[in-house]
Every structure is written in C-alpha cells, then in structure tokens.
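Reviewing the structure listed below.
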Amino acid sequence: MIFAFSAFLAFLLIGTPIVFVLGIAATLTLLLTTDVPLTIVSQRIYDGLNSFTIMAIPFFVFAGAIMDAGGISRRIVEFATALVGWVVGSLLMVSVVAATGLAAISGSGSADVAAISSIMQPELRRRRYDIDFSAAVIACAGSLAQVIPPSLMMVVVALVSNLSVGAMFLAGVLPGLMTVPGLLVAAWLHARRGGPQYREVEPFTGARLRRTFVRALPALGMPVIIIGGIVGGVFTPTEAAAVAVLYGLVIAMVIHRDLGVRDLPALVLRAAALSAAVMVIIGTASIFGWLVANANVPAHLAAWIKTVSEQPWTYLLLINVLLMAVGMFMESIAAILILVPVLMPIAIDFGIEPVHFGLVVVMNFAIGMVTPPYGITLFVASSIAERSIVQVSRRMFWPWLMMTAILVLVTYVPDIPLFLPRLAGLL
C-alpha cells in the first residue's frame, strides 16, 4: 500500500485530474507489486457502479438542473427579499436565505452559488456592498446544499457505508438550519460596521410575504416530498430522485411555464455530463478502495489511533483536522470514496453512531468547498463576482468560523443530528 499511496500523491501533486489519479495509482500498484490479474480493474469498476442507489445521483442532478432553468431561483430570491429584506445588510441576508432555500431543492452547492450569485451580484454592486465579503457569504450558504437534504454527498456516504439515505438526510436538517443563523449574524455584524449603503432596506409587508411565498411554494414543496416519501417508506431514494425530476418538470413547464420542450435536450446533456463525472470517480475509486480493504488498512490504522488515545472525542478531533485538510485540496466525492470505508469501521469500533459520523464527514467537506485552494463553491462565487480567489478568501474568516463552530457543536453533541432520525424511527 505504500507504493499505492506514493503513486497517488505523486500524480496528485503534478496536477493529474483526480479521476485518473485514482485509476492509474491503483492499476500501477496491481501491475507492479501484486500477482492479481488486471481484469480485477474492470470488475471493480463494474461492481462499484452496479448499485440501484447510485441511480439516484443522475436523477437528483437532473432535478437540480430543471429547477435552476425553470425560474425557481428567481422566485426563491423574491420570497427571501420579502422575508428578510428589511434587515440591515438586506442584500446579504437575502443571499443567505435564498441560497439556503435553493440548497433544499437542488443538492448541488456549485449550482446554487452560480444561480444566487448571478441574480444578486449586479444589485450588490449597484448598492456598493463589499463584493468580496458578499461572494464569501454566498459561497458558504451555497455549500449548505451538501448538509441540507437532498444532498449528493450524503447519498455517496450512505452508499459506501451501507447506511439509510433517509437517516442521513434527516440528520442533516437541524445542523444545516443551525448554520443559517450563524451566517446571518456574520453578515449582520459586517453590515453594521459598514456604510450607509447597508441601511438601504425594503419595508416589511405581510401582503408581499404571502404573495412571494405562494409563488415559491411549489418549489419549496420538493424537499418535503423527497424526505417525506423516503422516511414514510413511500419510495426508495432512487425512486424519490425520479419523482423529484417529474415534480420539477411539472413546476417548470406547467405551473411556471419558464421551461419548454426545446430546453430539455440541453438540460439532459448538462445533467448527463455532471453525472458522468461523478460516476467515473465512483468507478475508479472502487479500485483504490478494494486495494485499501485488501491490505487491511482500516485495522492497522485503528491500531495506530488507539496508541494515541482510546477516547472517542480524540478520534473525532483527529478526523475533523484530517478531513478539513483533505477538503482543502481534494474533490469531496473522491475523498469520501477513499476515506470513509477506512474511517467508518474505526468510528464504529469507538462506539460512534455511523449516521452521526457520516454527517461529520459531510459537514467537513462542505466547509472544504469554501476553503482555498480547492474550494469549488468559493471558486464559482469569486468567478461570477469577477474577483480573484485570494481577494474573496481574505473576507472568508467570519462566515467560515460560523460554519466551523456548528461543526464542532454537532461533532460533540450527537443528539443534535440524531434527533430527527430517531424521531422517525430510522435509528
């Protein structure tokens, strides 16, 4: 395994795309250090993708694309404006609430950030808001798409750990919603210290709130249908994803009429391209995962960790540090596929509830999405704001700190994420 990890790091350092890093490192290890026939490569790729649950990924991606193109983002922003547009720093508040609402629909952080940034940045510039801080806040709020269900990351964690997708989804609800006030407080503190432009607000009216809520209601019903259907046993996660696609088409094409039949081929291609990228990573990671398991790495790592400490809180501390560091440099799905099969058995051995540990993993990688140098949502937000990663990163500290504080709370108070799964009888 030393050769495998050395090859992995070498190819990663020279800038090889992660999907090729996983495949090449594993194949070279098999070829040069074992007598295992190379046919195992194709077998492991097939076995890694031969799962009914994995079919949920392209459906959720397609549902997110439909919602994005169907005018959903605009209606969510209108509702968020009516809800919090009267608060000091109103545009920042609207950005956080709108990104959170969209996160509960699409399940893709980068798509949420792109949609909200495209709508909000022109107005943020017009009112002379701090563009760098605004981009940082939007990036953090958009990354909550991985914590608030439906989340592609949660589906992958549940898949590799043999956990209930419904339990994972419910575990993310309270931590995700708890993060929102933290981001709102960070935005409010920034606005309070800012100039008069932050005090330009819109008056609150009940009539406007009701009107925008009714317009946004069809979209807001999607997470209720998905989570309620899975938890209630009406359909499986894969079937829920297919229902989400159908529901999104009805909203976008029949109710809002912002999407036509001619728009569908482009959306299908977009969803297929995004899904294929995830699927290829899952396939190649399964080879690397098989090597890790075959070399009994989890048992060796567990033995080493127990020489450091036998306390679960120490293990969780080490895991948070490790995953935050990995999330800074590596694509989240690939990191989950490599690390979770190794780390989850150790967590179970320490007596940590698997769903709780899975959520800790997801929250770490959600923070990794806004942490340079990789930070995919940070990259999207800065690109649309026409600012550099360095400029936006300088304004990232307070939003990042709020997310990290909630992570620490959830790490050491497992009753928070596990409350809803237990209430639903999934644990």
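What follows is calculated from the coordinates using simple rules that are stated; it is not laboratory data. Nothing here was measured: the structure is a model prediction, and the numbers come from that model. Glycine gets a Cβ as well: all are built from the backbone with ideal geometry, and neighbour counts include every protein chain shown.
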Query raised in the report: Applying 1/(1 + (r/R0)^6) with R0 = 51 Å to the Cβ-Cβ distance of Glu123 and Asp35, what FRET efficiency is obtained, to the nearest 0.05?
Result: 0.20
Query raised in the report: Under a Cβ-Cβ cut-off of 13 Å, what is the net charge of the residues other than Ser388 that fall near it, where Lys and Arg count +1 and Asp and Glu count -1?
Result: +1
Requested in this report: Compute log10 of I(q)/I(0) for the range 271-343 with the Debye formula, placing one identical point scatterer on every Cα and leaving out solvent, at q = 0.12, 0.23 Å⁻¹, to two decimals.
Outcome: -0.41, -1.09
Report task. Go ahead and set up a Gaussian network model of the chain, Cα springs under 10 Å, then flag whichever of Arg208, Arg193, Arg44 fluctuates most. Result -> Arg193
Query raised in the report: For the range 109-199, which chymotrypsin sites (Phe, Trp or Tyr not before Pro) are both in a DSSP coil and crowded by at most 12 other Cβ atoms within 10 Å?
Result: none
Query raised in the report: What is the range 62-193's relative contact order, in percent, from Cα pairs under 8 angstrom and six or more apart in sequence?
Result: 26
Query - Radius of gyration and Dmax over the Cα atoms of the range 130-189, both given in Å - result: 13.8, 45
Report task. Provide the descending list of Cα extents for the range 213-288 along its principal axes, expressed in whole angstroms. Result -> 49, 36, 19
Requested in this report: Indicate the helices, whole DSSP H runs only, in the chain that combine a mean Kyte-Doolittle hydropathy of -0.5 or more with a Cα extent along their long axis of 30 angstrom or more.
Outcome: 165-192, 206-231, 264-294
Report summary line: In a Gaussian network model of the chain with springs linking alpha carbons closer than 10 Å, the residue among Ala302, Ala158, Ala244 that fluctuates most is Ala302
Query raised in the report: Using 0.36 nm per residue, how much length does the chain from Gln43 to Trp313 gain when fully extended, once their Cα-Cα distance is taken away?
Result: 93.3 nm
Requested in this report: Only Cα pairs under 8 Å and at least 6 apart count here; give the relative contact order of the range 282-392 as a rounded whole percent.
Outcome: 29
